[in-house]
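So the structure is just underneath, and the comments pick up after that.
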Amino acid sequence: MTTRWITLAGTVLLATSLVACSGMSGREQNTAVGATVGGVAGAVLTGGSTIGTVGGAAVGAVIGNEVDPKDKR
């Protein structure tokens, strides 16, 4: 249980530190948000395992990088 809280606190800290990067492009912001959300989801779904957290962050970053809010098809 303690590991889960430490992982969650670290992820929240990372997310809030990334918010301060206002000079980022839209794609970079989407990638950062995707990595953060993916990392949290991976940590929660795997009970705080490192592999789950890193894997979730990687998948979230890829998905966030591919999302383009200006792409209106």
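The values are calculated or read from the model by the stated rules, or taken from the named source; none is laboratory data. Predicted model, so just to flag it, every value in this text is computed and none were measured. Heads up, the Cβs are rebuilt from the backbone with ideal geometry, glycines too, and the neighbour counts pull from every protein chain shown. Accessible surface is based on the protein model in full, side chains and every heavy atom, while ligands, DNA and RNA are left aside. Shrake-Rupley method; radii C 1.70, N 1.55, O 1.52, S 1.80 Å.
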* To do: Determine the pairs where a residue that is on the phi > 0 side of the Ramachandran plot, located within segment 38-59, has a partner that is open to solvent by 70 Å² or more (accessible area, probe 1.4 Å) with Cβ atoms under 6 Å apart, the partner being 6 or more residues away or on another chain.
  => 48/3; 48/4
* With 45, 8 as the choices, which residue is at pLDDT below 85 and open to solvent by 40 Å² or more (accessible area, probe 1.4 Å)? -> 8
